[in-house]
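**Q** After the structure tokens below, expect a handful of questions from me.
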Amino acid sequence: QVQLVESGGGLVQSGGSLRLSCAASGSIFSINAMGWYQQAPGKQRELVAVITSGGSTNYAESVKGRFTISRDNAKNTVYLQMNSLKPDDTAVYYCYCNAKAWIGTLLTHDYWGQGTPVTVSS
């Protein structure tokens, strides 16, 4: 199985920046994609950004031009640089990983981090 450990959330004023980090560990054979989802109170979890093993990216329309997803393949780590933050960005941000791992046998599965809260004031 795969474990995801997130960090970097916090409180920031509107217009400020944060960088989220997520490191994957465990019995990983290969990672197909990693990304970030957000969930605000009372709302569904929604895609923010994803990056594939080949380096292609996909962003939610609401964050294009403000957020940048990147990776360090050697460390199985994904980052989300969040600039020009808005109060609407306030949410718990969850790291996502689609990976092939040893779970008795070799299987591809989705994995989720514990979530790191981001609060944007004013």
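**Q** Give the lysines reachable from LYS100 as a straight Cα distance under 20 Å; neighbours fewer than 8 places away on the same chain don't count.
**A** LYS75
**Q** Whenever you get a sec, compute what percent of the accessible area on region 19-122 sits on carbon and sulfur atoms (1.4 Å probe). Let's see the in-between values first.
**A** Values: 2560 of 5370 Å².
Carbon-and-sulfur percentage of accessible area, whole number: 48.
**Q** Can I ask one more? Checking the cross-link filter: which aspartates and glutamates have an alpha carbon closer than 18 Å to that of LYS86, excluding same-chain neighbours under 8 positions apart?
**A** GLU46, GLU61
**Q** Another question, if that's okay. May I ask which residue of ALA33, SER122, TYR111 lies farthest towards the positive end of the charge dipole of region 11-122, with charges of +1 (Lys, Arg) and -1 (Asp, Glu) on Cβ and the Cα centre as origin?
**A** ALA33
**Q** Between THR68, THR105, THR57, find the one with the highest GNM mean-square fluctuation for the chain; connect C-alpha pairs within less than 10 Å.
**A** Evaluated over the chain, the most mobile residue of the options is THR105.
**Q** ³J(HN,Hα) across region 59-70 via Karplus (A = 6.51, B = -1.76, C = 1.60, θ = phi - 60°), whole Hz, x for Gly/Pro?
**A** 10, 5, 4, 5, 10, 4, x, 10, 10, 9, 9, 8
**Q** Evaluate the relative contact order of region 1-100 (contact order divided by residue number), counting alpha-carbon pairs under 8 angstrom at least 6 apart; express in whole percent.
**A** Rounded, it is 38 percent for region 1-100.
**Q** Taking the Cα centroid of region 1-57 and of region 66-116, what is the distance between the two, rounded to the nearest whole Å?
**A** Value for the Cα centre distance between the two parts: 2 Å.
**Q** Which percent of Cα-Cα pairs in the chain sits in each 10 Å bin, short to long?
**A** 14, 47, 29, 9, 1
**Q** Return the unpartnered cysteines for the chain, using a Cβ-Cβ cut-off of under 4.7 Å.
**A** Unpaired cysteines in the chain: CYS97.
**Q** Additional query: Taking the solvent-accessible surface of protein heavy atoms with a 1.4 Å probe, what is the per residue accessible area of the chain in Å²?
**A** Numbers: 6370 Å² over 122 residues.
Heavy-atom SASA per residue in the chain reads 52 Å².
**Q** Let me know the charge dipole size of the chain about its Cα centre in debye, to the nearest 20, where only the beta-carbon of Lys, Arg (+1) and Asp, Glu (-1) is charged. Intermediate results must be reported in sequence, preceding the final value.
**A** Working: 9 positive and 7 negative charges, 25 e Å.
About 120 debye.
The values are calculated or read from the model by the stated rules, or taken from the named source; none is laboratory data. All of these numbers come straight from a predicted model, not from anything done at the bench. Because the Cβ atoms are built from the backbone with ideal geometry, glycine has one as well, and the counts that use them run over all protein chains shown. To get the accessible areas, we keep the full protein, side chains included, count just its heavy atoms, and leave off ligands, DNA and RNA. Shrake-Rupley method; radii C 1.70, N 1.55, O 1.52, S 1.80 Å.
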